[in-house]
């Protein structure tokens, strides 16, 4: 158990629909990260939060993506007007110390 | 620019064999961090090791061992006496940041299958 819970585990949506994923770290750690992993590739950084503040966003995060962490605890990642290229595993991680990160089991998104 | 290469896309071994997963990295920084993660079929990424660029000592943890060689920019991972439970995708990763995970670059991964 890595102390990161993600919901849902799987999501199938039609192209053009909006989807929202949730990440719940076991406790209110300062840093929370979102990564995207496409089939056969390693995870790629999307964005990270320090408490409520979104401090950095990757160029991968287009205008259709938005992430929030309203109270510095759980976080949501929303994708608007989904495209087939958005199909991927979306991973959330918490970083209790600078030495390692604990990842959740991810949300697998399939856009049909 | 940072880059991580894992040339072995897939490896199959028979249980109890030793297997080495290769990792070659590129960075212009003198201070950097190297990681290995395991991703079993269930999907979560499991942290295995973090090593900083100033520590070239090899590390052993049970059946796992890591060989860090700055001269060849390699950070190879060896599993001794492999078991079926070792079947997973293994990622090598590089970070030039010591304080956060926003600069971690993952390699493409090596899929290991251990056959009983």
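Are any residues in region A:1-43 at the interface with another protein chain (Cβ under 10 Å from one of its Cβ atoms) and not in a strand (DSSP E or B), and if so, which ones? Hits for region A:1-43 are A:1, A:2, A:9, A:30, A:40, A:41, A:42, A:43. Restricting A:72, A:16, A:85, A:42 to residues that are at pLDDT below 90 and over 11 Å from the mean Cα position of the chain (by Cα) narrows the list to A:72. For region A:88-112, a residue qualifies if it is within 15 Å of the chain's Cα centre (by Cα), at pLDDT below 90, surrounded by fewer than 24 Cβ atoms within 10 Å (Cβ to Cβ) and over 11 Å from residue B:44 (Cα atoms), and exactly one does: A:95.
Hey, among B:3, B:38, which residue is touching a residue at least 24 places away in the same chain (Cβ under 8 Å) and under 30 Å from residue A:51 (Cβ atoms)?
Working: B:3 fails: under 30 Å from residue A:51 (Cβ atoms).
Just one listed residue meets the conditions, B:38.
Scan region B:61-77 for residues that are surrounded by fewer than 16 Cβ atoms within 10 Å (Cβ to Cβ) and closer than 16 Å to residue B:37 by Cβ and the total you get is 1.
Evaluate the following for residue B:112: is it closer than 19 Å to residue A:103 by Cβ, under 13 Å from the mean Cα position of the chain (by Cα) and away from chain A (no Cβ under 14 Å)? Considered against the rule, which asks whether it is closer than 19 Å to residue A:103 by Cβ, under 13 Å from the mean Cα position of the chain (by Cα) and away from chain A (no Cβ under 14 Å), residue B:112 comes out as yes. Scanning region B:31-40 for residues that are in contact with a strand residue (DSSP E or B) (Cβ under 7 Å, 6 or more places away or on another chain) and surrounded by fewer than 16 Cβ atoms within 10 Å (Cβ to Cβ) returns a single hit, B:40.
Only one of the numbered conditions (1) closer than 14 Å to residue A:85 by Cα; (2) touching a strand residue (DSSP E or B) at 6+ places or on another chain (Cβ under 8 Å) is not met by residue A:35, and that is (1). How many residues, within region B:78-109, are over 14 Å from the mean Cα position of the chain (by Cα), surrounded by 14 or more Cβ atoms within 10 Å (Cβ to Cβ) and at pLDDT below 95? Total satisfying the criteria: 6.
Condition check for residue A:66 on (1) modelled with pLDDT under 90; (2) surrounded by 15 or more Cβ atoms within 10 Å (Cβ to Cβ); (3) more than 14 Å from every other protein chain (Cβ to nearest Cβ): one failure, at (1). Tallying residues that are loosely packed, with under 15 Cβ neighbours inside 10 Å and touching a strand residue (DSSP E or B) at 6+ places or on another chain (Cβ under 7 Å) within region A:10-21 yields 4. With respect to residue B:85, is the statement that it is more than 12 Å from chain A (Cβ to nearest Cβ) and part of a helix (DSSP H, G or I) true? Yes.
The values are calculated or read from the model by the stated rules, or taken from the named source; none is laboratory data. None of these values were measured; they are calculated from a predicted model. Backbone-built Cβ (ideal geometry, glycine too); neighbour counts: all protein chains shown.
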